[in-house]
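Report on the structure given below.
The values are calculated or read from the model by the stated rules, or taken from the named source; none is laboratory data. Quick caveat, the model's predicted, so the values are computed rather than measured. Note that each Cβ is placed from the backbone with ideal geometry, even for glycine, and that neighbours are counted across all protein chains shown.
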Amino acid sequence: MFKDLSDFKAYCIDNEVKLIDFKVIDLAGRWHHLTIPASRFSEKIIENGIGFDGSSYGFLTVEKSDMVFKPDLSSAFIDPFNDTSTITMIGNIYSLGDETTRFEGDPRYVAEKAERYMEDSGIADKALFGPEFEFYILDHISYRNTPNHMEVYLDAEQAEWNTGRKDTKNLGFKVHHKKGYHVDIPYDINFNLRNNMVLKLEEHGVPVKYHHSEVGGPGQLEIELSFGGLVEMADRTMISKYIIKNEATKNEKTVTFMPKPFFGEAGNGMHVHLQLFKDKEPIFYDEYGYSQLSNTALYAIGGILKHSPALMAFTNPSTNSYKRLVPGYEAPVSICFATANRSSVIRIPGYAKEPMEKRFEFRPSDATCNPYLAYSALLMAMLDGIKNEINPTSEGYGPYDVNIFDLPEEEKANIKGLPKSLEEAADALENDYKFLLEGGVFSLGIIKDQIKQIRKDASRVNITPHPVEYEMYYDL
């Protein structure tokens, strides 16, 4: 938004900006923030940064936890949710030592290095990412986890279980189980709220392709963004989640991007469309290739499919992710590719026929990921596939231009599957991470930290009794 400090200060004076808010991301993908009066913002802060406790972000041990973040003026935007006029900007994380240097574990730095590595490789000079955000807008969420009380309660006004509600005014028009796809008003009760979300995204530098209600009856929606570069799109992903959640809260609603908040209902994915360009020309298009894809595109697909079990540790890093990735729903579980096939890990959109539009889509990922790490890992897998000419057909990944779920069991058995749990994803990353280290993009430290954290999450869930277990085993 701003080129330099003088440009920034002039804007603050002209628009009576009172506060500067800094957003800094942790390993899991959550923003933390720190705020100062606008009058305190100076060249010294840009050069030296602001100190913080890195151990609280999950980066360093308590003994060596002092770090600084330096604000990126180009990432600044007007915060639409503060009562006082506030500018928000993203901070880059630095380590303190003999010299102050970029912290290897800063997810945003990983994304910057991934883009540089791509450019230095000579394969491409531009990677474009296009995520689709699926989420639920709810009217109530409460949960409790104590030794003697485990409970979660979710509610959405439009859910079919409210058809018989009599304790409050009921106008009907409830959305039935898995019947929410593109429903119109008055069923689409979140239409105006979603419009406000999209308009705010557009106003804050996040172009939106379209939005609509999704399959899940209890308030599932989708907002699909227009394409952007790796760091650019990771920034936009964080801004999108920030605006979507806070706009919902402002309207006394609540949003979850959890992959599987409801049993039996459609899950929330974050499908990611991928393209590569060189000298402004698309390198994924070939008029005579399979589905008009070039060999380069097929090799990129081969790289992603070969490394997909390991990728899951970054693209699907929650225990809840694997409650979505089960057979019988729209989420893919089979490591294969095909045209217009939503049951495969890689789908080539059949409607994208023009050279500049030619792309493919990675379907398993969800928004519990840290977008800087997830997008970087996908790019590194593509580049590895291209460099090593990993042919997806030779590797046995298809194409499978059929519904995988409808294949006979003996044929489905020949198709490799994604990890079935977070522990399996951690195992896969432990056995396949060298492609991420190329060009110094990922550090071994950040990979180990990711594995450590997701194993910790999995262990906590595994040792916690589940209410269904009481139904199944209490009387034995």
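What pairs come up if the first residue lies in the stretch 140-158 and is in the same structural domain as Gly180 (by TED's automatic domain parsing) and within 24 Å of Asn251 (Cα to Cα), the second is surrounded by 10 or more Cβ atoms within 10 Å (Cβ to Cβ) and among the charged types (D, E, K, R), and their beta carbons are under 7 Å apart, counting only those six or more places apart or on different chains?
What qualifies is His140/Asp155; Tyr143/Glu151; Asp155/Asp139; Ala156/Asp139; Glu157/Asp139; Gln158/Lys174.
Considering only residues that are among the small types (Gly, Ala, Ser), modelled with pLDDT under 95 and closer than 28 Å to Ile451 by Cα, which ones fall in the stretch 397-426?
The answer is Gly417, and nothing else.
Examine the stretch 467-474 for a residue that is in the same structural domain as Ala234 (by TED's automatic domain parsing), in a helix (DSSP H, G or I) and crowded, with 18+ Cβ neighbours inside 10 Å, and state whether such a residue exists.
For the stretch 467-474, residues in the same structural domain as Ala234 (by TED's automatic domain parsing), in a helix (DSSP H, G or I) and crowded, with 18+ Cβ neighbours inside 10 Å: absent.
Tell me, which residue of the stretch 368-393 that is assigned to a loop (DSSP other than H, G, I, E, B) and either buried (at least 24 other Cβ atoms within 10 Å of the Cβ) or at pLDDT below 95 (or both) is farthest from the chain's Cα centre (by Cα)?
The extreme case among them is Pro392.
Given the conditions (1) of a type in the set (Lys, Arg); (2) within 18 Å of the chain's Cα centre (by Cα); (3) at pLDDT below 95, report the number of the one that Lys209 does not fulfil.
Going through (1) of a type in the set (Lys, Arg); (2) within 18 Å of the chain's Cα centre (by Cα); (3) at pLDDT below 95 one by one, Lys209 breaks only (3).
Among the residues of the stretch 273-292, write down those that are within 14 Å of Arg347 (Cβ to Cβ) and surrounded by fewer than 23 Cβ atoms within 10 Å (Cβ to Cβ).
Answer for the stretch 273-292, where residues must be within 14 Å of Arg347 (Cβ to Cβ) and surrounded by fewer than 23 Cβ atoms within 10 Å (Cβ to Cβ): His273, Tyr290, Ser291.
Does the stretch 77-85 contain any residue that is touching a Phe, Trp or Tyr at 6+ places or on another chain (Cβ under 6 Å) and either farther than 22 Å from Ile239 by Cβ or surrounded by 12 or more Cβ atoms within 10 Å (Cβ to Cβ) (or both)?
No: the stretch 77-85 contains no residue that is touching a Phe, Trp or Tyr at 6+ places or on another chain (Cβ under 6 Å) and either farther than 22 Å from Ile239 by Cβ or surrounded by 12 or more Cβ atoms within 10 Å (Cβ to Cβ) (or both).
Which residues, taken from the stretch 249-281, are assigned to a strand (DSSP E or B) and either within 22 Å of the chain's Cα centre (by Cα) or small (Gly, Ala, Ser) (or both)?
Thr254, Val255, Thr256, Val272, His273, Leu274, Gln275, Leu276
Test of understanding: among Lys44, Lys18, Lys9, which residue is among the basic types (Lys, Arg), in contact with a helix residue (DSSP H, G or I) (Cβ under 7 Å, 6 or more places away or on another chain) and in the same structural domain as Thr88 (by TED's automatic domain parsing)?
Exactly one of Lys44, Lys18, Lys9 is among the basic types (Lys, Arg), in contact with a helix residue (DSSP H, G or I) (Cβ under 7 Å, 6 or more places away or on another chain) and in the same structural domain as Thr88 (by TED's automatic domain parsing), namely Lys18.
So which residues in the stretch 309-328 are in contact with a Lys or Arg (Cβ under 9 Å, 6 or more places away or on another chain) and among the hydroxyl-bearing types (Ser, Thr, Tyr)?
Selection gives Thr319, Ser321, Tyr322.
Kindly establish whether Gly49 is at positive phi and not aliphatic (A, V, I, L, M).
In short, yes.
Check Asn388, Asn403, Asn431 and return the single one that is of a type outside the set (Ser, Thr, Tyr) and closer than 15 Å to Cys336 by Cβ.
Asn403
Anything in the stretch 79-117 that is β-branched (Val, Ile, Thr) and more than 25 Å from Ile36 (Cα to Cα)? List them, or say none.
The one that is β-branched (Val, Ile, Thr) and more than 25 Å from Ile36 (Cα to Cα): Val110.
Go through the stretch 177-196 residue by residue and tally those that are basic (Lys, Arg), under 11 Å from Ala159 (Cα atoms) and free of Cβ contacts under 8 Å to residues at least 60 places away in the same chain.
Selection size over the stretch 177-196: 1.
Take the stretch 415-447 and flag every residue that is among the acidic types (Asp, Glu) and either part of a helix (DSSP H, G or I) or over 23 Å from Tyr397 (Cβ atoms) (or both).
Correct list: Glu423, Glu424, Asp427, Glu430, Glu438.
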